[in-house]
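*Asks:* Below is one structure. I have some questions about it.
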Ligand code: FE
Ligand code: FE
Ligand code: ZN
(Lines give C-alpha, C1' and ligand atoms only; values in the text may rest on other atoms or scores of the structure.)
(Ligands and ions follow the chains in the order given, each with its own letter.)
Protein backbone atom coordinates (compact mmCIF):
# COMPACT_ATOMS: atom_id res chain seq x y z
CA UNK A 1 0.00 0.00 0.00
CA UNK A 2 1.17 3.52 -0.80
CA UNK A 3 1.33 5.56 2.42
CA UNK A 4 1.43 9.16 1.27
CA UNK A 5 0.69 12.43 3.03
CA UNK A 6 2.03 15.84 3.86
CA UNK A 7 2.60 18.27 6.66
CA UNK A 8 -0.74 19.68 7.86
CA UNK A 9 -1.94 22.16 10.46
CA UNK A 10 -3.24 20.68 13.71
CA UNK A 11 -4.89 23.98 14.69
CA UNK A 12 -8.41 22.58 14.17
CA UNK A 13 -7.66 19.38 16.06
CA UNK A 14 -6.77 15.81 15.08
CA UNK A 15 -10.10 14.90 13.51
CA UNK A 16 -10.19 18.01 11.28
CA UNK A 17 -6.58 17.38 10.23
CA UNK A 18 -7.40 13.79 9.24
CA UNK A 19 -10.43 14.96 7.25
CA UNK A 20 -8.25 17.44 5.40
CA UNK A 21 -5.72 14.68 4.68
CA UNK A 22 -8.37 12.41 3.17
CA UNK A 23 -9.77 15.32 1.11
CA UNK A 24 -6.43 15.66 -0.71
CA UNK A 25 -5.84 11.94 -1.29
CA UNK A 26 -3.56 11.39 1.72
CA UNK A 27 -3.68 8.41 4.08
CA UNK A 28 -0.97 9.60 6.49
CA UNK A 29 0.08 13.03 7.76
CA UNK A 30 2.61 14.99 9.72
CA UNK A 31 1.97 17.85 12.16
CA UNK A 32 3.84 19.96 14.69
CA UNK A 33 3.35 18.91 18.30
CA UNK A 34 3.33 22.60 19.27
CA UNK A 35 4.08 26.01 17.85
CA UNK A 36 7.27 25.60 15.79
CA UNK A 37 8.88 28.41 17.77
CA UNK A 38 8.34 26.47 21.00
CA UNK A 39 6.13 27.24 23.96
CA UNK A 40 3.28 25.36 25.52
CA UNK A 41 1.28 22.80 23.61
CA UNK A 42 -2.51 23.01 23.53
CA UNK A 43 -4.29 20.67 25.97
CA UNK A 44 -5.39 17.49 24.21
CA UNK A 45 -9.14 17.05 23.74
CA UNK A 46 -10.15 13.47 24.59
CA UNK A 47 -13.26 13.68 22.39
CA UNK A 48 -11.21 14.90 19.43
CA UNK A 49 -8.67 12.09 19.87
CA UNK A 50 -11.46 9.49 19.91
CA UNK A 51 -13.08 11.08 16.85
CA UNK A 52 -9.71 11.04 15.09
CA UNK A 53 -9.13 7.37 15.84
CA UNK A 54 -12.58 6.43 14.61
CA UNK A 55 -12.16 8.45 11.40
CA UNK A 56 -8.65 7.06 10.87
CA UNK A 57 -9.88 3.46 11.14
CA UNK A 58 -12.77 4.11 8.75
CA UNK A 59 -10.58 5.83 6.17
CA UNK A 60 -7.54 3.60 6.11
CA UNK A 61 -5.24 6.13 7.75
CA UNK A 62 -2.16 4.30 8.95
CA UNK A 63 0.69 5.52 11.10
CA UNK A 64 1.05 9.30 11.52
CA UNK A 65 4.12 11.36 12.28
CA UNK A 66 4.43 14.12 14.86
CA UNK A 67 7.27 16.57 14.29
CA UNK A 68 9.00 18.33 17.19
CA UNK A 69 9.52 22.10 17.12
CA UNK A 70 12.52 23.19 15.07
CA UNK A 71 13.83 25.03 18.12
CA UNK A 72 14.12 21.82 20.16
CA UNK A 73 17.88 21.41 20.63
CA UNK A 74 19.07 18.61 22.90
CA UNK A 75 22.75 19.50 22.41
CA UNK A 76 22.71 23.28 22.68
CA UNK A 77 25.75 24.96 24.21
CA UNK A 78 23.24 26.73 26.50
CA UNK A 79 22.30 24.40 29.39
CA UNK A 80 18.92 26.09 29.81
CA UNK A 81 17.99 25.35 26.18
CA UNK A 82 19.06 21.70 26.66
CA UNK A 83 16.95 21.34 29.80
CA UNK A 84 13.96 22.94 28.08
CA UNK A 85 14.40 20.60 25.08
CA UNK A 86 14.52 17.57 27.36
CA UNK A 87 11.29 18.60 29.15
CA UNK A 88 9.60 19.31 25.82
CA UNK A 89 10.66 15.93 24.42
CA UNK A 90 9.26 14.14 27.48
CA UNK A 91 6.00 16.10 27.29
CA UNK A 92 5.65 15.52 23.51
CA UNK A 93 6.14 11.76 23.92
CA UNK A 94 3.65 11.51 26.78
CA UNK A 95 1.10 13.39 24.64
CA UNK A 96 1.72 11.03 21.71
CA UNK A 97 1.00 8.11 24.02
CA UNK A 98 -2.64 9.24 23.93
CA UNK A 99 -2.69 7.88 20.34
CA UNK A 100 -0.59 4.74 20.83
CA UNK A 101 1.85 3.35 18.30
CA UNK A 102 2.66 6.46 16.26
CA UNK A 103 5.93 8.10 15.19
CA UNK A 104 7.58 11.21 16.65
CA UNK A 105 10.37 12.87 14.70
CA UNK A 106 12.96 15.41 15.86
CA UNK A 107 16.09 17.11 14.54
CA UNK A 108 19.05 15.79 16.55
CA UNK A 109 20.25 19.34 17.16
CA UNK A 110 23.12 21.80 16.68
CA UNK A 111 26.11 21.50 18.97
CA UNK A 112 26.99 25.18 18.67
CA UNK A 113 30.74 24.74 18.64
CA UNK A 114 31.00 22.06 21.34
CA UNK A 115 31.95 19.45 18.74
CA UNK A 116 30.05 16.59 17.18
CA UNK A 117 31.19 14.02 19.78
CA UNK A 118 29.85 16.12 22.66
CA UNK A 119 26.69 16.81 20.70
CA UNK A 120 26.08 13.09 20.21
CA UNK A 121 26.66 12.50 23.94
CA UNK A 122 24.18 15.20 24.96
CA UNK A 123 21.50 13.92 22.58
CA UNK A 124 21.92 10.31 23.71
CA UNK A 125 21.96 11.42 27.36
CA UNK A 126 18.68 13.27 26.92
CA UNK A 127 17.10 10.28 25.20
CA UNK A 128 18.29 8.01 28.02
CA UNK A 129 16.60 10.25 30.56
CA UNK A 130 13.33 10.54 28.64
CA UNK A 131 12.60 7.22 26.86
CA UNK A 132 10.51 4.72 28.78
CA UNK A 133 10.35 0.94 28.35
CA UNK A 134 6.54 1.02 28.28
CA UNK A 135 6.13 3.73 25.61
CA UNK A 136 4.49 2.78 22.31
CA UNK A 137 5.70 5.85 20.39
CA UNK A 138 8.75 5.33 18.18
CA UNK A 139 11.10 8.32 18.30
CA UNK A 140 12.78 9.12 14.99
CA UNK A 141 16.07 10.92 14.45
CA UNK A 142 15.88 12.92 11.21
CA UNK A 143 18.75 12.84 8.72
CA UNK A 144 20.07 16.40 8.43
CA UNK A 145 21.77 18.43 5.69
CA UNK A 146 24.87 19.06 7.80
CA UNK A 147 24.33 22.81 7.92
CA UNK A 148 26.52 24.71 10.40
CA UNK A 149 27.03 22.64 13.56
CA UNK A 150 24.08 20.32 12.92
CA UNK A 151 24.42 16.78 14.25
CA UNK A 152 22.95 14.04 12.05
CA UNK A 153 24.34 15.06 8.66
CA UNK A 154 25.86 11.60 8.27
CA UNK A 155 24.48 8.12 8.83
CA UNK A 156 27.37 7.35 11.19
CA UNK A 157 26.40 10.23 13.52
CA UNK A 158 22.87 8.86 13.78
CA UNK A 159 24.27 5.39 14.43
CA UNK A 160 26.49 6.79 17.19
CA UNK A 161 23.45 8.32 18.92
CA UNK A 162 21.48 5.06 18.65
CA UNK A 163 24.46 3.09 20.02
CA UNK A 164 24.56 5.22 23.17
CA UNK A 165 20.84 4.89 23.94
CA UNK A 166 19.82 2.04 26.23
CA UNK A 167 16.25 1.71 24.94
CA UNK A 168 17.39 1.88 21.32
CA UNK A 169 14.44 -0.29 20.23
CA UNK A 170 12.33 2.86 20.81
CA UNK A 171 14.40 4.72 18.19
CA UNK A 172 14.22 4.86 14.42
CA UNK A 173 15.29 7.16 11.60
CA UNK A 174 13.34 9.45 9.28
CA UNK A 175 15.17 9.99 6.00
CA UNK A 176 14.60 13.43 4.46
CA UNK A 177 15.37 13.34 0.72
CA UNK A 178 16.33 17.04 0.54
CA UNK A 179 18.55 16.77 3.59
CA UNK A 180 20.45 13.62 2.56
CA UNK A 181 20.98 14.95 -0.98
CA UNK A 182 22.25 18.27 0.40
CA UNK A 183 24.41 16.29 2.85
CA UNK A 184 26.16 14.47 -0.02
CA UNK A 185 24.26 11.18 -0.38
CA UNK A 186 23.52 10.79 -4.08
CA UNK A 187 19.96 9.49 -4.10
CA UNK A 188 19.62 10.74 -7.70
CA UNK A 189 22.55 8.93 -9.33
CA UNK A 190 22.96 6.06 -6.88
CA UNK A 191 19.91 5.32 -4.75
CA UNK A 192 20.81 1.65 -4.31
CA UNK A 193 24.29 2.55 -3.08
CA UNK A 194 22.94 5.09 -0.56
CA UNK A 195 20.45 2.55 0.80
CA UNK A 196 23.19 -0.11 1.01
CA UNK A 197 25.27 2.36 3.00
CA UNK A 198 22.30 3.15 5.23
CA UNK A 199 21.83 -0.57 5.82
CA UNK A 200 25.51 -1.15 6.59
CA UNK A 201 25.82 1.82 8.98
CA UNK A 202 22.40 2.02 10.67
CA UNK A 203 20.34 -0.93 9.39
CA UNK A 204 17.30 -0.56 7.13
CA UNK A 205 15.07 -1.99 9.88
CA UNK A 206 15.58 1.34 11.68
CA UNK A 207 14.24 3.33 8.72
CA UNK A 208 10.63 4.16 9.60
CA UNK A 209 9.60 7.20 7.54
CA UNK A 210 10.60 9.29 4.51
CA UNK A 211 10.30 13.06 4.15
CA UNK A 212 9.77 13.66 0.43
CA UNK A 213 11.22 17.05 -0.53
CA UNK A 214 13.01 18.26 -3.61
CA UNK A 215 16.00 20.56 -3.02
CA UNK A 216 16.49 24.17 -4.15
CA UNK A 217 20.25 23.64 -3.98
CA UNK A 218 22.73 21.38 -5.76
CA UNK A 219 24.09 18.06 -4.51
CA UNK A 220 26.21 18.25 -1.31
CA UNK A 221 25.44 21.94 -0.78
CA UNK A 222 24.69 21.48 2.98
CA UNK A 223 21.94 24.08 2.65
CA UNK A 224 18.53 22.52 3.50
CA UNK A 225 16.02 24.47 1.41
CA UNK A 226 13.05 22.41 0.27
CA UNK A 227 11.61 22.67 -3.24
CA UNK A 228 8.37 21.38 -4.75
CA UNK A 229 8.56 17.78 -6.02
CA UNK A 230 10.09 17.67 -9.51
CA UNK A 231 11.17 21.33 -9.56
CA UNK A 232 14.49 21.04 -7.74
CA UNK A 233 17.87 19.36 -8.13
CA UNK A 234 16.48 15.90 -7.22
CA UNK A 235 13.81 15.76 -9.92
CA UNK A 236 10.71 13.68 -10.65
CA UNK A 237 12.53 10.63 -12.06
CA UNK A 238 14.44 10.18 -8.79
CA UNK A 239 11.21 10.50 -6.77
CA UNK A 240 9.62 7.82 -8.92
CA UNK A 241 12.51 5.50 -8.06
CA UNK A 242 12.34 6.44 -4.36
CA UNK A 243 8.61 5.79 -3.88
CA UNK A 244 8.81 2.49 -5.75
CA UNK A 245 12.07 1.18 -4.28
CA UNK A 246 11.55 -2.24 -2.65
CA UNK A 247 13.37 -1.12 0.52
CA UNK A 248 11.24 2.00 0.87
CA UNK A 249 7.84 1.41 -0.72
CA UNK A 250 5.99 0.32 2.42
CA UNK A 251 7.18 3.28 4.52
CA UNK A 252 5.08 6.41 5.11
CA UNK A 253 6.08 9.22 2.71
CA UNK A 254 5.47 12.76 3.99
CA UNK A 255 5.76 15.89 1.86
CA UNK A 256 7.23 19.04 3.44
CA UNK A 257 7.43 21.01 0.23
CA UNK A 258 6.72 24.78 -0.03
CA UNK A 259 3.02 24.34 -0.80
CA UNK A 260 -0.43 25.29 0.36
CA UNK A 261 -3.13 22.57 0.41
CA UNK A 262 -3.91 22.59 -3.38
CA UNK A 263 -0.20 22.19 -4.18
CA UNK A 264 0.06 19.23 -1.82
CA UNK A 265 -3.02 17.68 -3.45
CA UNK A 266 -1.33 17.97 -6.86
CA UNK A 267 1.89 16.41 -5.63
CA UNK A 268 0.04 13.53 -3.96
CA UNK A 269 -1.93 12.93 -7.17
CA UNK A 270 1.22 12.96 -9.32
CA UNK A 271 3.11 10.63 -6.98
CA UNK A 272 0.12 8.28 -6.64
CA UNK A 273 0.00 7.95 -10.43
CA UNK A 274 3.73 7.30 -10.65
CA UNK A 275 3.31 4.64 -8.03
CA UNK A 276 0.28 2.82 -9.42
CA UNK A 277 1.14 3.09 -13.11
CA UNK A 278 4.83 2.53 -12.73
CA UNK A 279 4.95 0.17 -15.70
CA UNK A 280 3.14 2.55 -18.04
CA UNK A 281 6.08 4.22 -19.77
CA UNK A 282 3.95 6.62 -21.76
CA UNK A 283 2.18 7.85 -18.66
CA UNK A 284 5.40 8.24 -16.72
CA UNK A 285 6.90 10.31 -19.51
CA UNK A 286 3.89 12.60 -19.27
CA UNK A 287 4.12 13.01 -15.50
CA UNK A 288 7.83 13.78 -15.71
CA UNK A 289 6.99 16.94 -17.61
CA UNK A 290 4.68 18.22 -14.83
FE1 FE B 1 12.31 18.02 9.99
FE1 FE C 1 12.26 16.87 7.01
ZN1 ZN D 1 14.59 20.62 5.91
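*Asks:* Across the range 182-204, which residue is surrounded by the fewest Cβ atoms within 10 Å (Cβ to Cβ) among those that are within 16 Å of ligand 2 (Cβ to nearest atom) and not in a helix (DSSP H, G or I)?
*Replies:* Only one residue fits best here, namely 187.
*Asks:* Here is a further query. Going through the range 99-116 one residue at a time, which ones are away from ligand 2 (no atom under 15 Å from the Cβ), without any contact (Cβ under 8 Å) to a residue 40 or more places away in the chain and either within 20 Å of residue 176 (Cα to Cα) or surrounded by 18 or more Cβ atoms within 10 Å (Cβ to Cβ) (or both)?
*Replies:* 102
*Asks:* Hey, does the range 263-278 have a residue that's part of a loop (DSSP other than H, G, I, E, B) and either surrounded by fewer than 16 Cβ atoms within 10 Å (Cβ to Cβ) or at pLDDT 95 or above (or both)? Outline the logic, then answer.
*Replies:* The first filter runs over the range 263-278 and keeps only residues part of a loop (DSSP other than H, G, I, E, B), leaving 277-278.
After this cut, where a residue has to be either surrounded by fewer than 16 Cβ atoms within 10 Å (Cβ to Cβ) or at pLDDT 95 or above (or both) as well, the list is 277-278.
Yes - at least one qualifying residue is present in the range 263-278.
*Asks:* Can I ask one more? Part of a loop (DSSP other than H, G, I, E, B), modelled with pLDDT under 95, in contact with a strand residue (DSSP E or B) (Cβ under 8 Å, 6 or more places away or on another chain) and surrounded by fewer than 20 Cβ atoms within 10 Å (Cβ to Cβ), is that true of residue 25? Quick ask: steps written out before the conclusion?
*Replies:* Working: part of a loop (DSSP other than H, G, I, E, B): yes; modelled with pLDDT under 95: no; in contact with a strand residue (DSSP E or B) (Cβ under 8 Å, 6 or more places away or on another chain): yes; surrounded by fewer than 20 Cβ atoms within 10 Å (Cβ to Cβ): yes.
Considered against the rule, which asks whether it is part of a loop (DSSP other than H, G, I, E, B), modelled with pLDDT under 95, in contact with a strand residue (DSSP E or B) (Cβ under 8 Å, 6 or more places away or on another chain) and surrounded by fewer than 20 Cβ atoms within 10 Å (Cβ to Cβ), residue 25 comes out as no.
*Asks:* So, one more: Would you tally the residues in the range 205-236 being part of a strand (DSSP E or B), within 18 Å of residue 106 (Cα to Cα) and touching a helix residue (DSSP H, G or I) at 6+ places or on another chain (Cβ under 8 Å)?
*Replies:* The first filter runs over the range 205-236 and keeps only residues part of a strand (DSSP E or B), leaving 207-212, 214-215, 226-227.
Next cut, within 18 Å of residue 106 (Cα to Cα) only: 207-212, 226.
Filter once more, so that each one left must be touching a helix residue (DSSP H, G or I) at 6+ places or on another chain (Cβ under 8 Å): 207, 210-212, 226.
Within the range 205-236, residues that are part of a strand (DSSP E or B), within 18 Å of residue 106 (Cα to Cα) and touching a helix residue (DSSP H, G or I) at 6+ places or on another chain (Cβ under 8 Å) number 5.
*Asks:* Are any of the residues in the range 158-181 part of a loop (DSSP other than H, G, I, E, B), under 26 Å from residue 255 (Cβ atoms) and touching a helix residue (DSSP H, G or I) at 6+ places or on another chain (Cβ under 7 Å)? Please lay out each step first, then the result.
*Replies:* Just the residues of the range 158-181 that are part of a loop (DSSP other than H, G, I, E, B), to begin with: 164-167.
Subset that is under 26 Å from residue 255 (Cβ atoms): none.
Scanning the range 158-181 turns up no residue that is part of a loop (DSSP other than H, G, I, E, B), under 26 Å from residue 255 (Cβ atoms) and touching a helix residue (DSSP H, G or I) at 6+ places or on another chain (Cβ under 7 Å).
*Asks:* Could you identify the single residue in 215, 233, 221 that is touching a strand residue (DSSP E or B) at 6+ places or on another chain (Cβ under 9 Å) and within 17 Å of residue 174 (Cβ to Cβ)?
*Replies:* Numbers: 233 fails: within 17 Å of residue 174 (Cβ to Cβ); 221 fails: within 17 Å of residue 174 (Cβ to Cβ).
It is 215.
*Asks:* Of (1) in contact (Cβ under 8 Å) with a residue 12 or more places away in the chain; (2) closer than 25 Å to residue 265 by Cα; (3) outside any helix (DSSP H, G or I), residue 239 satisfies all except one. Which?
*Replies:* Among (1) in contact (Cβ under 8 Å) with a residue 12 or more places away in the chain; (2) closer than 25 Å to residue 265 by Cα; (3) outside any helix (DSSP H, G or I), the lone unmet condition for residue 239 is (3).
*Asks:* Return the pair list, or none, for Cβ contacts closer than 7 Å from residues in the range 159-180 that are under 13 Å from residue 206 (Cα atoms) and at pLDDT 95 or above to residues that are within 16 Å of ligand 2 (Cβ to nearest atom) and part of a helix (DSSP H, G or I), at least 6 apart or on different chains.
*Replies:* 173/158
*Asks:* Sticking with this structure for a sec: Suppose the filter is surrounded by fewer than 16 Cβ atoms within 10 Å (Cβ to Cβ) and either within 22 Å of residue 202 (Cα to Cα) or more than 16 Å from ligand 2 (Cβ to nearest atom) (or both); does residue 121 pass it? Give the derivation first.
*Replies:* Working: surrounded by fewer than 16 Cβ atoms within 10 Å (Cβ to Cβ): no; either within 22 Å of residue 202 (Cα to Cα) or more than 16 Å from ligand 2 (Cβ to nearest atom) (or both): yes.
No, not satisfied.
*Asks:* Further question on the same structure: Does residue 11 fit the bill of being under 30 Å from residue 109 (Cβ atoms), without any contact (Cβ under 8 Å) to a residue 40 or more places away in the chain and under 16 Å from the mean Cα position of the chain (by Cα)? Step through it out loud before you land on a result.
*Replies:* Details: under 30 Å from residue 109 (Cβ atoms): yes; without any contact (Cβ under 8 Å) to a residue 40 or more places away in the chain: yes; under 16 Å from the mean Cα position of the chain (by Cα): no.
Considered against the rule, which asks whether it is under 30 Å from residue 109 (Cβ atoms), without any contact (Cβ under 8 Å) to a residue 40 or more places away in the chain and under 16 Å from the mean Cα position of the chain (by Cα), residue 11 comes out as no.
*Asks:* Would you be able to say whether some residue in the range 215-223 is within 16 Å of ligand 1 (Cβ to nearest atom), under 21 Å from residue 65 (Cα atoms) and at pLDDT 95 or above?
*Replies:* no
*Asks:* Continuing with this model, one more query. Checking residue 240 against (1) farther than 21 Å from residue 31 by Cα; (2) in contact with a strand residue (DSSP E or B) (Cβ under 7 Å, 6 or more places away or on another chain), which test does it fail?
*Replies:* All conditions pass for residue 240, except number (2).
*Asks:* Find the residue count for the range 67-91, including only residues that are in contact with a strand residue (DSSP E or B) (Cβ under 6 Å, 6 or more places away or on another chain) and in contact (Cβ under 8 Å) with a residue 40 or more places away in the chain.
*Replies:* 3
The values are calculated or read from the model by the stated rules, or taken from the named source; none is laboratory data. In this text the structure is predicted, and so the values were computed from the model without any measurement. Because the Cβ atoms are built from the backbone with ideal geometry, glycine has one as well, and the counts that use them run over all protein chains shown.
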